[in-house]
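Visitor: I'd like to ask you about the structure that follows.
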Amino acid sequence: MDCIFCKIISGDIPSYKVYEDKDFLAFLDINPLNPGHTLVIPKKHYRWVLDVAQFKNYWQAAGLVAQKLKQNLKAESINFVTLGYEVEHAHIHVIPRFKNDDLGSTIDWSKHKKISADKMEKIMKEVRGGVF
Ligand code: AMP
Ligand code: ZN
């Protein structure tokens with residue numbers, strides 16, 4: 001199947017991985033709304049978040065990632081969003097929010113930030129917090 005997130009899981013496409021367990025993978029969104037904007041995906045291909053068999057475990061993994069963002073990036077709060085119209089592989093957006101970021105209370109999705117590869121690498125390490 002020609003799925004970009006399946007290719008990330010197989011390693012055919014590189015990603016900034018911040019968390020992994022046997023069923024789920026989390027990596028930085030390449031068009032982040034804030035530094036640390038992460039996508040959590042099931043390793044098995046499902047079309048929608050609601051289709052994921054281990055639904056509860058899936059959200060638990062997203063919660064773990066959120067704790068890392070909160071602690072390691074000092075996020076003030078965390079937004080969990082699932083859309084899924086662009087990439088047809090289930091993904092949960094976990095978006096750290098910071099005081100005075102410019103996203104607003106409903107999230108302005110046009111406000112992507114340009115973050116260099118060096119900075120993305122640094123953010124990835126910060127989110128991991130020395131453990132993986
Ligand atoms: P949506 O399907 O609307 O929830 O959006 C899909 C998200 O995946 C967007 O925020 C993209 O920036 C992100 N995205 C697409 N390709 C990649 C990739 N290769 N690595 C990381 N994030 C990606
Ligand atoms: Zn897929």
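Read-outs: derived from the displayed coordinates by stated rules, not from any lab. This is a predicted model, so every value here is computed, not measured. Counting neighbours? That spans all protein chains shown, and the Cβs are built from the backbone with ideal geometry, glycine included.
Visitor: Net charge near Val81: determine it from the other residues with C-beta under 13 Å of the C-beta of Val81, scoring Lys and Arg +1 and Asp and Glu -1.
Guide: -2
Visitor: Assuming a ≥ b ≥ c are the square roots of the Cα gyration tensor eigenvalues, decide whether the chain counts as rounded (a/c under 1.5), prolate (otherwise, with a/b larger than b/c) or oblate.
Guide: Because its axes are fairly even, with a/c under 1.5, the chain counts as rounded.
Visitor: What distance in nm separates the simple spin-label points at Glu86 and Asn57, each placed 7 Å from Cα in the Cβ direction?
Guide: For the pair Glu86/Asn57, the computed spacing is 2.9 nm.
Visitor: Could I ask something else about it? If you place +1 on the Cβ of every Lys and Arg and -1 on the Cβ of every Asp and Glu, how big does the dipole about the Cα centre of the chain come out, in debye to the nearest 20?
Guide: 400
Visitor: Additional query: Identify which of Leu39, Leu103, Leu25 has the largest mean-square fluctuation in a Gaussian network model of the chain, with springs joining Cα atoms closer than 10 Å.
Guide: Leu103
Visitor: Beyond a 29 Å Cα-Cα separation, which of these cross-linked pairs lie in this structure: Lys22/Lys68; Lys44/Lys74; Lys43/Lys119; Lys43/Lys68; Lys22/Lys114?
Guide: Violating the 29 Å Cα-Cα cut-off are Lys44/Lys74; Lys22/Lys114.
Visitor: Also, quick follow-up: I want to verify a result. In a Gaussian network model of the chain, Cα cutoff 10 Å, which of these has the top mean-square fluctuation: Lys22, Lys122, Lys114?
Guide: Most flexible of the set in this elastic network: Lys22.
Visitor: Considering only the other residues whose Cβ falls under 10 Å of the Cβ of Pro96, what net charge follows from Lys and Arg at +1 and Asp and Glu at -1?
Guide: Charge balance near Pro96 sits at +2.
Visitor: Between Lys125 and Leu64, what is 0.36 nm times their sequence separation minus the Cα-Cα distance? Round to one decimal in nm.
Guide: Contour length minus Cα-Cα distance gives 20.4 nm.
Visitor: Cα axis of helix 117-128 to longest principal axis of the chain: angle in degrees, 0 to 90, nearest 10?
Guide: The angle comes out at about 80 degrees.
Visitor: Place a point 7 Å from Cα of His45 in the direction of its Cβ. Which residues in region 3-37 have their backbone N less than 16 Å from it?
Guide: 3-13
Visitor: Between His89 and residues 5 or more places away or on another chain, which pairs have amide H atoms under 5 Å apart, with H built 1.01 Å from N, and which residues are they?
Guide: For His89, whose amide H was placed from the backbone, there are no distant partners under 5 Å.
Visitor: At most 12 other Cβ atoms within 10 Å plus a DSSP loop assignment makes a site exposed; report the longest stretch of the chain without any exposed GluC sites (Glu not before Pro).
Guide: Within the chain, the longest run free of exposed GluC sites (Glu not before Pro) spans 1-75.
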